[in-house]
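*Asks:* One structure, pasted below without further comment.
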Amino acid sequence: MDILIKLSQFLLSLSLLIILHELGHFIPAKLFKTRVEKFYLFFDVKFSLFKKKIGETVYGIGWLPLGGYVKIAGMVDESMDTEQLEKEPQPWEFRSKPAWQRLIIMLGGVTVNFILAFLIYIGMAYAYGEKYIANDDITDGVLVQSPALLEAGLQTGDKIVSVDGKEYENFFNVPEAILLGKHVVVERNGVEETIDLPVDLIDQIMSNRNAGLISLRIPFVIAGFSEESVNEGTLQVRDIVKSIAGVSTPYSDQVAVVLENNKGKEVEAIVIRDGEEKAVNLVIDNDGKLNVAYAGGLPIDNLEKLGIYKVSKQDYSLAESIPAGLHMGKERIGKYFDQLKKIVQPETGAYKGLGGFKTMYDIFPSVWSWQVFWSITAMLSIMLGVMNLLPIPALDGGHVMFLLYEMISGRKPSDKFLEKAQMVGFFILIGLLLYANGNDIYRAIFVK
């Protein structure tokens, strides 16, 4: 069932993005009286799952879910159908239209992608508001999970002041800023310290799948017991361990230290059970373990109920949601360009993180949440828009590049040149596709 839910979200999001992107080309083409021969969701290599001709356009669904396309008459595109180009240009063909009209047609897809992302963020701001934990409210600092960050000098308990000179109100924006940043200022024991982040931090994070980056420090909440545990019955599921052997343990990262110092002993502990403090005796084995499972993450509302963190909530009226959503979209686009900069810098190792369809599939949760679905879809829409703007022949950005050359120089590239450029771009895209999906396979086999 979990797989079905993830797959349903993935296919729904992908289909929505493809259809709207292609509509971005289709609508201006029709407005400029350019013939659109095919409009397809997914690719119809050899055969289609469904097709129906309405007017001059065949609408269909292909069987290969690697994207979609509109086939515009008189245009060198991914179909590589050059038969029309050997004939005299016709008034309804793409190549017969003025350069400015062709430019609008080519930019239509990415324009829709960006508009869609902004509309989603506006809608989410209005429907859900913004719930977060203020960075200033994290008085006891953060939990540092990454060995790379620990080696760089960050310590659990550090309070994040700024990243690359920028202060963040919302703590949930801090981890990504650190991942893409160069320097972080922390406050430790009342003193600020600047720490240089590893250039290859992204590579190190990806090389250790089980290591996180930084997170909130949370209480040690009992979630279950192993077969070897002798503490079952003494402890109960949902107990919150407040202290062990007289040492206060408000956060789970402090428990391991106390257990290590008392291994092989029976000690008194204080737990919170049903809102009340209760004294219990715990048996710590010779390895410093209680042989219990604890909650590795708690919902944000639970953290507030436990009195650990104050949750801030910003609600937006319809009018207020517009600038808020535009700001969210602008921030997301900026972050994505920051990621691309890291990818083209070999020393960061970020290029190893390029992923294919499994990576996209994995970001969807195994439970259905419209809020999460729309958030991921907005992010993917931005990714699709930016990637299509890259000046690679066969992508919209490649066509735009040649059109801008034509408009500036007054010389139109020949159809034969465009045909060859399209072929080069096609092989570049195939190479990128194989590399990205190959990374997925490699990580699934070798990265633990």
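*Asks:* Do we have any residue at all in the stretch 60-70 that's surrounded by 15 or more Cβ atoms within 10 Å (Cβ to Cβ) and of a type in the set (Val, Ile, Thr)?
*Replies:* Yes, that holds for at least one residue.
*Asks:* Would you call VAL257 open to solvent by less than 30 Å² (accessible area, probe 1.4 Å) and without any contact (Cβ under 8 Å) to a residue 60 or more places away in the chain?
*Replies:* So VAL257 fails the test.
*Asks:* Ok, one more. What do you reckon, is VAL241 open to solvent by 80 Å² or more (accessible area, probe 1.4 Å), of a type in the set (A, V, I, L, M) and touching a residue at least 24 places away in the same chain (Cβ under 8 Å)?
*Replies:* Considered against the rule, which asks whether it is open to solvent by 80 Å² or more (accessible area, probe 1.4 Å), of a type in the set (A, V, I, L, M) and touching a residue at least 24 places away in the same chain (Cβ under 8 Å), VAL241 comes out as no.
*Asks:* Under 9 Å between Cβ atoms, at least 6 apart or on separate chains: pull out the pairs that start in the stretch 272-288 with a residue that is of a type in the set (Asp, Glu) and end on any residue that is in a loop (DSSP other than H, G, I, E, B) and open to solvent by 100 Å² or more (accessible area, probe 1.4 Å).
*Replies:* Correct list of pairs: ASP274/ARG238; ASP285/GLU228.
*Asks:* Right, another one. Say we look at the stretch 181-212 and pick out the residues that are buried (at least 19 other Cβ atoms within 10 Å of the Cβ) and in contact with a strand residue (DSSP E or B) (Cβ under 9 Å, 6 or more places away or on another chain); which of these is nearest to ASN439 (Cα to Cα)?
*Replies:* LEU197
*Asks:* If you don't mind, there's one more thing I want to ask. Go through the stretch 30-56 and give me each residue that's within 23 Å of GLY108 (Cβ to Cβ), open to solvent by 70 Å² or more (accessible area, probe 1.4 Å) and either touching a Lys or Arg at 6+ places or on another chain (Cβ under 7 Å) or not charged (D, E, K, R) (or both).
*Replies:* Of everything in the stretch 30-56, those that are within 23 Å of GLY108 (Cβ to Cβ), open to solvent by 70 Å² or more (accessible area, probe 1.4 Å) and either touching a Lys or Arg at 6+ places or on another chain (Cβ under 7 Å) or not charged (D, E, K, R) (or both) turn out to be LEU31, ILE54, GLU56.
*Asks:* Of the residues LYS71, LYS33, LYS53, only one is modelled with pLDDT of 90 or more, more than 30 Å from SER375 (Cβ to Cβ) and in a loop (DSSP other than H, G, I, E, B); which?
*Replies:* Only one candidate passes the filter, namely LYS33.
*Asks:* Any idea which of LYS263, LYS289 is within 37 Å of the chain's Cα centre (by Cα) and basic (Lys, Arg)?
*Replies:* Answer to the selection: LYS289.
*Asks:* Could you check the stretch 154-172 and list, in sequence order, the residues that are crowded, with 16+ Cβ neighbours inside 10 Å and of a type outside the set (Asp, Glu)?
*Replies:* Answer for the stretch 154-172, where residues must be crowded, with 16+ Cβ neighbours inside 10 Å and of a type outside the set (Asp, Glu): LEU154, THR156, GLY157, LYS159, ILE160, VAL161, SER162, VAL163, TYR168, PHE171.
*Asks:* Oh, and also: What are the residues in the stretch 328-346 that are of a type outside the set (D, E, K, R) and either at pLDDT 95 or above or open to solvent by less than 80 Å² (accessible area, probe 1.4 Å) (or both), if any?
*Replies:* MET328, GLY329, ILE333, GLY334, TYR336, GLN339, LEU340, ILE343, GLN345
*Asks:* Between residues in the stretch 182-203 that are under 20 Å from ASP338 (Cα atoms) and residues that are of a type in the set (Lys, Arg) and exposed (fewer than 14 other Cβ atoms within 10 Å of the Cβ), which pairs lie under 9 Å by C-beta distance while being six or more apart or on different chains?
*Replies:* From the stretch 182-203, the pairs are ASP196/LYS182; LEU197/LYS182; VAL199/LYS182.
Here's the yes/no breakdown for (1) at pLDDT below 90; (2) open to solvent by less than 50 Å² (accessible area, probe 1.4 Å):
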position: GLY355; (1), (2): yes, yes
position: TRP374; (1), (2): no, no
position: SER381; (1), (2): no, yes
position: ILE441; (1), (2): yes, no
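*Asks:* Return a yes/no flag: does the stretch 260-276 have any residue that is modelled with pLDDT of 90 or more, of a type in the set (Lys, Arg) and open to solvent by 90 Å² or more (accessible area, probe 1.4 Å).
*Replies:* There is at least one residue in the stretch 260-276 that is modelled with pLDDT of 90 or more, of a type in the set (Lys, Arg) and open to solvent by 90 Å² or more (accessible area, probe 1.4 Å).
*Asks:* Something else about it: Out of curiosity, is TYR121 free of Cβ contacts under 8 Å to residues at least 40 places away in the same chain, surrounded by 15 or more Cβ atoms within 10 Å (Cβ to Cβ) and among the aromatic types (Phe, Trp, Tyr)?
*Replies:* no
The values are calculated or read from the model by the stated rules, or taken from the named source; none is laboratory data. What you are looking at is a predicted structure, and each value in this text was computed from that prediction instead of being measured. A quick note on method: Cβ atoms are made from the backbone with ideal geometry, for glycine too, and the neighbour counts reach across all protein chains shown. To get the accessible areas, we keep the full protein, side chains included, count just its heavy atoms, and leave off ligands, DNA and RNA. Shrake-Rupley method; radii C 1.70, N 1.55, O 1.52, S 1.80 Å.
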